[in-house]
Amino acid sequence: MTVPQAAEVLGISAVSLYKLIQNDKSFPVISIGRRKTIPKEQLKVWINSNCKR
């Protein structure tokens, strides 16, 4: 999924997600040139492991 799509899922802005990608090396992102994509299943795993309940 694209960064704006993932940001919508997370409920944050795309700018905030770009900052998160830059600062959190555990965030699942695939870089192809300048383009960044986020795999859906890996995003679900990341959310579950970083969610405070």
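Laboratory data are not the source of any read-out in this text; all were calculated from the coordinates shown. Here the structure is a predicted model, which means the values were calculated and not measured. We place every Cβ from the backbone using ideal geometry, glycine too, and count neighbours over all the protein chains shown.
Some observations on this one:
- Our summary gives the chain a relative contact order of 32 percent, counting only alpha carbon pairs under 8 angstrom and 6 or more residues apart.
- Pairs of Cα atoms farther than 18 Å apart, the range 3-50, %: 17 percent
- Checking every one of the trypsin sites (Lys or Arg not before Pro) in the range 1-42 against DSSP loop status and a limit of 12 other Cβ atoms within 10 Å picks out 25, 34.
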